[in-house]
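Below is one structure, written out as structure tokens; comments come after it.
The values are calculated or read from the model by the stated rules, or taken from the named source; none is laboratory data. Quick caveat: nothing in here was measured; it's all calculated off a predicted structure. Positions of Cβ are backbone-derived with ideal geometry, glycine not excepted, and every protein chain shown enters the neighbour counts.
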Amino acid sequence: MNRDMKPYITTADELELFPWTLEALRILDDAGYEFFVVSNQQGVGKGLISPLELEKQTQKIEYLLKAQGLTIRRFYYCTALADESHPWRKPLPGMIEAAREDFRVEPKGAFLIGDRWSDIEAGARAGCRPLLVLSGGTLDEEWRGWAHLPERVFPTLLEAAQWIVSSSERELQ
């Protein structure tokens, strides 16, 4: 959805959506899909980003999407550190399970699109259909050794969105 920065995006000004994000979300929205964000944000836990700054980043994303008539139903964040074993921290599926409880959405059959092994692992553990996009933190062939493999791999979110919609249309025929 957005470009990663090393080590973290620390201000809303640094946050930049990929050029294809809005088009991809529009394609999925037009096809009736809803959006939830599940994101590890340990930069907050490390004290590198304030909770207020994370909220400003969220507001910026919401503003950019709203201008296009798009909405994220809810952002779920885990600010715990990697070594804390928090149930919401991906690769554990706690944030996905929370969305299921909060919105009565069924993970089975839902797509989880992510750019890291922890996204794919969390999606698989929750019963989602995990899709990997290579526009983030994963190298081209790195994913082949993961315990849970993605259902499909795409260069960007746009190709993933196009495949989701076209495969859904084929399933209806």
Subset of region 81-93 (residues that are surrounded by 16 or more Cβ atoms within 10 Å (Cβ to Cβ), of a type outside the set (Phe, Trp, Tyr) and touching a helix residue (DSSP H, G or I) at 6+ places or on another chain (Cβ under 6 Å)) = 90, 91, 93
For residues that are part of a loop (DSSP other than H, G, I, E, B) and closer than 15 Å to residue 112 by Cα, scanning just region 136-160, find the one that is modelled with the lowest pLDDT.
-> 136
Considering only residues that are in contact (Cβ under 8 Å) with a residue 60 or more places away in the chain and either in contact with a His (Cβ under 6 Å, 6 or more places away or on another chain) or within 20 Å of residue 19 (Cα to Cα) (or both), look in region 116-154 and name the one that is surrounded by the fewest Cβ atoms within 10 Å (Cβ to Cβ).
-> 137
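Conditions tested, residue by residue: (1) farther than 15 Å from residue 39 by Cβ; (2) over 13 Å from the mean Cα position of the chain (by Cα); (3) of a type outside the set (Lys, Arg).
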| residue | (1), (2), (3) |
| --- | --- |
| 81 | no, yes, yes |
| 114 | no, no, yes |
| 150 | yes, yes, yes |
| 154 | yes, yes, yes |
| 160 | yes, no, yes |
Mind counting the residues in region 40-53 that are within 20 Å of residue 87 (Cα to Cα) and either without any contact (Cβ under 8 Å) to a residue 40 or more places away in the chain or part of a loop (DSSP other than H, G, I, E, B) (or both)?
-> 6
Residue pairs meeting the criteria (Cβ under 9 Å; at least 6 apart or on separate chains; first surrounded by 14 or more Cβ atoms within 10 Å (Cβ to Cβ) and acidic (Asp, Glu), in region 95-108; second part of a helix (DSSP H, G or I) and at pLDDT 95 or above) = 97/126
Checked region 1-39 for anything over 15 Å from residue 72 (Cβ atoms) and in a helix (DSSP H, G or I); matches are 12, 13, 14, 23, 27, 30
Count - residues of region 52-80 that are surrounded by 15 or more Cβ atoms within 10 Å (Cβ to Cβ) and either within 20 Å of residue 118 (Cα to Cα) or small (Gly, Ala, Ser) (or both) = 7
